[in-house]
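First the structure, in the form of structure tokens, and then the observations on it.
The values are calculated or read from the model by the stated rules, or taken from the named source; none is laboratory data. Keep in mind it's a predicted model, so treat the numbers as computed, not measured. Here the Cβ is made from the backbone with ideal geometry for all residues, glycine too, and neighbour counts use every protein chain on show.
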Amino acid sequence: MRRIGTFRAVVCLVLIASASRGDGAGPEPPKDVFTAIVGTALGGPPSAVHGTDGRHHVVYELILTNTRAVPATVQAVDVLNGANDTTLVRFDGKQLLGMLRTMNARPASNLDLPPNESRLLLFSLDFPSAGMVPRLIDHRIEALAAVGPAAKDPSSIKYRLGPVALASRAVPVLQPPLDGEGWLVVNGCCGDTGAHRGAIHSINGRLFDSQRFAIDFIQADGEGRLVIGDPANVRSWVGYGARVRAAAAGRVVAARNDLSDQMPGSLPDPQTITVDNVDGNFVVLDHGQGLFTFYAHLQRKSVQVVQGDRVAAGQELGRLGNTGNTSAPHLHFHVMAGPSPLGSDGVPFVFSTFDVAAVVDEAALDPALSGAARLPARTSLSSSKRQRQLPLDLSLIDFGPSARR
């Protein structure tokens, strides 16, 4: 792509380099290093986001490719501050394996990087303050791989790859997309597991991670129940039918309103799910400056907007449902850098204000989803007010009237 522009850039670099060598000015260029394994960042520059744990999170992915016919094995990856080369964190062993994915985003079974194949490496870094977040992140890999073009067997290697410059633009501040108390964050940021973290899709000839910061919102009542009655009935779920609202003023660029609810309890047959119906009934809003919000799994015939409509912040878009690829009524919400829910780069966001009531134990989630157990009752909880933070995974949060400003 853009062959003419690339050629011009190369010519300019050659001329500049030639001039520098001719007059003896400037430092010596670094020596070239043969790298059998190469690393490239997936998507645009990441931004740090302030989470409800008080830390600042940086989430991104590298695509590691073994370019040679010699098998390779990744042994360790050091994350470096690009400004001073200090090591921020080292990943190896089981922790590194937990971050590695095959190209279909499934967990890798080992640290091998077979000849002429690629793997995805998921990074979730966190820092105690915004001032400690580096502007440039670099990586140093240790592995067994080809040490030269003619190598026939793997040897120990160590070199740099995949530098990542952080974005300078501010994280968007949004209004809550829901009203009321007891909203549980499921499949949220910022670990290496969860349905959204590995939801990397090949769309329109490219790889995208649109759901890096996606949240599934499921509502609990005051007694901690997610479902009251038969879990197979969508109307037994506490949050079913909740009003879904625009998180900011914008224009509707896509919407769907015709799909029926799935029966809760399990995901639909994968053979019935396509890129056209995976999100169920939905709305996509364009907020300008390359920022879009996405609201999915809405009730059939509840969507109140159509393509081209302009909406105000807080305006009702539809009702929470269970359409598309879903096993229980919830609102799927994420923010992205393009209009396609699957084929866009996912970006972080914060809500203007909300309350955190608790962080739920992961072991309690599945029993609560089945109706066999409850989350903590409201009377046992003490909420804390938050402003301009991203609710993290398993946070139980409140969007009361005071939160909708």
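Data table
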quantity	calculated
Identity of the residue in region 335-387, closer than 26 Å to A232 by Cα and small (G, A, S), that ends up surrounded by the fewest Cβ atoms within 10 Å (Cβ to Cβ)	A363
Residue check for V244: in the same structural domain as P339 (by TED's automatic domain parsing), within 16 Å of F399 (Cα to Cα) and free of Cβ contacts under 8 Å to residues at least 60 places away in the same chain	no
Residue within region 126-147 that is of a type in the set (D, E, K, R), surrounded by fewer than 16 Cβ atoms within 10 Å (Cβ to Cβ), not in a loop (DSSP other than H, G, I, E, B) and not assigned by TED's automatic domain parsing to the domain that holds G224 present	no
Those residues of region 23-65 which are aromatic (F, W, Y) and buried (at least 17 other Cβ atoms within 10 Å of the Cβ), in sequence order	Y60
Number of positions in region 157-189 that are surrounded by 18 or more Cβ atoms within 10 Å (Cβ to Cβ) and among the polar types (S, T, N, Q)	2
Elements of type strands (runs of 3 or more DSSP E) in region 32-91, at least 3 residues being not β-branched (V, I, T)	56-66, 72-81
Within region 234-271, considering residues that are surrounded by 15 or more Cβ atoms within 10 Å (Cβ to Cβ) and farther than 22 Å from V305 by Cβ, the one nearest to the chain's Cα centre (by Cα)	P268
Residue match in region 209-221 (condition: touching a Gly at 6+ places or on another chain (Cβ under 7 Å), small (G, A, S) and surrounded by fewer than 22 Cβ atoms within 10 Å (Cβ to Cβ))	no
Test result for S383, farther than 22 Å from D192 by Cβ and hydroxyl-bearing (S, T, Y)	yes
D32, sole failed condition from (1) farther than 24 Å from P149 by Cα; (2) modelled with pLDDT under 95; (3) of a type in the set (D, E, K, R)	(1)
Output for region 46-73, where each listed residue is over 19 Å from the mean Cα position of the chain (by Cα) and closer than 14 Å to G162 by Cα	T65, N66
